[in-house]
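The values are calculated or read from the model by the stated rules, or taken from the named source; none is laboratory data. Small disclaimer: the values here were computed from a predicted structure and weren't measured. No Cβ is skipped: glycine too gets one built from the backbone with ideal geometry, and neighbour counts run over all protein chains shown. Keep in mind that these areas ignore ligands, DNA and RNA; they rest on the heavy atoms of the full protein, side chains included. Shrake-Rupley method; radii C 1.70, N 1.55, O 1.52, S 1.80 Å.
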Amino acid sequence: MGLFDNNTKFESSIKQIPYSQQAVYDNISDLRNLEKVRDRVPEDKVNDFAFDQDTVSLNVPPVGELKLRICDREAPKCVKFETVQSPVPFNVWIQVLPVDEQNSKMKVTVKAELNPLIKGMVAGPLQDGVEKIADALAQVHYV
């Protein structure tokens, strides 16, 4: 048992999306579509926001540089990300499930390896961040 054997999971609430599962998946599985939400990224909280098809990078004061890469696509229901650069290694899953032909639901999950001291300091902000990501994704126009 090492110091970082503590996998901690943070899950958003389930968000209803007024678009089909396939439309949502098609958008979140290609990070170039982040252009649609660039204007919603708070400039006072995020710097150096950049992306291509498979990676996204940003600087979040006081956390620092973050770079995530899509490591798995499971069409049309899940996109998984892993950290390429981060002070703390973590994975992100965005799950999309159909409600009917025109509607879907989404959940964002983050799993991080946190020692108890770090967990105590970042659990609240991380849970809040996961919820804000899910809220932002729920407001995107997936057309």
* Structure fact -> Sorting Tyr19, Ala136, Pro125 by the position of each Cα along the dipole of the chain (Lys, Arg +1; Asp, Glu -1; all at Cβ), the one nearest the positive end of that ordering is Pro125
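Mean separation of Cα pairs under 8 Å and 6+ residues apart, divided by the residue count of the chain: what relative contact order is that in percent?
33 percent
For the chain, what is the charge dipole size about the Cα centre, in debye to the nearest 20, if Lys and Arg each add +1 at the Cβ and Asp and Glu each add -1 at the Cβ? Could the numbers behind the result be given before it?
Numbers: 17 positive and 21 negative charges, 47 e Å.
In debye, rounded to 20, the chain gives about 220.
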* Accessible surface ranking that places the most exposed of Ser13, Ser104, Ser57 first, with a 1.4 angstrom probe -> Ser13, Ser57, Ser104
* Pop out the ³J(HN,Hα) list for the stretch 49-55 in order, Karplus 6.51 cos²θ - 1.76 cosθ + 1.60 with θ = phi - 60°, rounded to Hz; leave Gly and Pro as x. => 6, 9, 7, 9, 4, 10, 9
* To do: Before rounding to the nearest 500, sum -39500 (n - 2.57) across all DSSP H runs of length at least 4 in the chain and divide by the residue total; then give [θ] at 222 nm in deg cm²/dmol.
  => -7000 deg cm²/dmol
* Among Phe49, Pro89, Leu114 - extreme Cα towards positive end, dipole of the chain, charges at beta-carbon -> Leu114
* Asked: Using a 1.4 angstrom probe with every protein chain in place, what is the largest-first accessible-area order of Val88, Val96?
  -> Val88, Val96
* Could you pull the accessible area for Lys132 with a 1.4 Å probe, rounded to 10 Å²? => 120 Å²
* Sorted by accessible area with a 1.4 angstrom probe, largest first, how do Glu82, Glu65 fall? -> Glu65, Glu82
